[in-house]
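Quick notes on the structure that follows.
The values are calculated or read from the model by the stated rules, or taken from the named source; none is laboratory data. Predicted, not measured: the structure shown is a model, and the values here were computed from it. Cβ: placed from backbone, ideal geometry, glycine included. Neighbour counts: every protein chain shown.
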Amino acid sequence: MSISSKILDIKKELPENVSLIAVSKYHPTEEVMEAYNAGQRIFGENIVQELRQKQQELPQDIQWHFLGHLQKNKIKYIVPFVSLIHSVDSPELLTEINRLAEKAGRVVPCLLQIHVAKEETKFGFTFDECRRMLQDGQWRELSHVKLCGLMCMASNVSDETQIRSEFRRVFQFFREIKQQFFADDDAFCQRSWGMSHDYPIAIEEGSTLVRVGTKIFGERPSRTSSKS
Ligand SMILES: *Cc1c(COP(=O)(O)O)cnc(C)c1O
């Protein structure tokens, strides 16, 4: 099946309030163009250098989302154009994005990444760390970042019950902080969960942004460089 028919198939299944992010990391620009020509406009990448290069080469109306662990010294490369950073995992990172966004004359939309999976290797705030940051209130002074919601990755397991319960806990947490800190803020509404193997479950558990790579583009070619 072609990339464009896979995109159209997935889109057909999505409820109206859920957007598809086509995760094009490691895939060449020609494949991104195939998806683009099928009408796809939101793409996700997780390596700064690759994102930068694709942004320069590809149509300017693409909305680029950054999904990966972001190092402070790389923020400056994406801040001028990125549509949404999904992976804010510390107050320091948020502060630094704000500083560079101000320099670039932008307000950068961001999601807070929550660590809910069993794997130690995954990044993100625990619920308590996230609560503490929001209670601390310093984020309210950061006028060049906009908090738009939460992101998480479920454990990489086949047990659907576990995956579902992880998404459910994060959705519950979303509701809690929405009420406590963002009740009057309509922009705080995004819930980024669900990948190729678990996005149907994620949608049932409140996702508004699904991040699908393999199911659209096939298996990723292996990386030639491990540098991010
Ligand atoms: C790679 C990646 C995806 C897409 O994963 P697939 O299993 O290929 O759909 C989604 N989210 C993040 C954060 C990723 O790094």
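Pairs are defined by a Cβ separation below 7 Å, a sequence spacing of at least 6 or placement on different chains, a first member in the stretch 148-161 that is more than 19 Å from Ile177 (Cβ to Cβ), and a second member that is among the basic types (Lys, Arg) and more than 13 Å from the ligand (Cβ to nearest atom); the pairs so defined are Ser155/Lys118. Inspect all residues belonging to the stretch 76-98 and state whether any of them is touching a Ser or Thr at 6+ places or on another chain (Cβ under 8 Å), free of Cβ contacts under 8 Å to residues at least 40 places away in the same chain and more than 16 Å from the ligand (Cβ to nearest atom). No; the residues of the stretch 76-98 include none that is touching a Ser or Thr at 6+ places or on another chain (Cβ under 8 Å), free of Cβ contacts under 8 Å to residues at least 40 places away in the same chain and more than 16 Å from the ligand (Cβ to nearest atom). Restricting the stretch 144-175 to residues that are in a loop (DSSP other than H, G, I, E, B) and polar (S, T, N, Q), the residue that is surrounded by the fewest Cβ atoms within 10 Å (Cβ to Cβ) is Ser158. Annotation: of all residues in the stretch 11-34 being out of contact with any Phe, Trp or Tyr (no Cβ under 8 Å at 6 or more places or on another chain) and within 13 Å of the ligand (Cβ to nearest atom), the one that is nearest to Gln63 (Cα to Cα) is Leu20. Of all residues in the stretch 35-62, those being free of Cβ contacts under 8 Å to residues at least 24 places away in the same chain and within 16 Å of the ligand (Cβ to nearest atom) number 2. Set side by side, the residues Ser222, Ser207, Ser155 differ, and just one is farther than 19 Å from Leu94 by Cβ and touching a strand residue (DSSP E or B) at 6+ places or on another chain (Cβ under 6 Å), which is Ser207.
For Phe174, indicate whether it is out of contact with any helix residue (DSSP H, G or I) (no Cβ under 9 Å at 6 or more places or on another chain) and among the hydrophobic types (A, V, I, L, M, F, W, C). Against the criterion (out of contact with any helix residue (DSSP H, G or I) (no Cβ under 9 Å at 6 or more places or on another chain) and among the hydrophobic types (A, V, I, L, M, F, W, C)), Phe174 qualifies. Counting only helices (runs of 4 or more DSSP H) that sit completely within the stretch 21-119, those holding 3 or more residues that are buried (at least 18 other Cβ atoms within 10 Å of the Cβ), modelled with pLDDT of 95 or more and touching a Leu at 6+ places or on another chain (Cβ under 7 Å) correspond to 91-104.
If you take the residues in the stretch 196-220 that are among the acidic types (Asp, Glu) and surrounded by fewer than 21 Cβ atoms within 10 Å (Cβ to Cβ), which one is nearest to the ligand (Cβ to nearest atom)?
Glu219
Determine if the stretch 178-198 includes at least one residue that is charged (D, E, K, R) and touching a Lys or Arg at 6+ places or on another chain (Cβ under 8 Å). No, the stretch 178-198 contains no residue that is charged (D, E, K, R) and touching a Lys or Arg at 6+ places or on another chain (Cβ under 8 Å).
Restricting attention to the stretch 101-131, which residues are among the aliphatic types (A, V, I, L, M) and free of Cβ contacts under 8 Å to residues at least 40 places away in the same chain?
Selection gives Ala104, Val107, Val108, Leu112.
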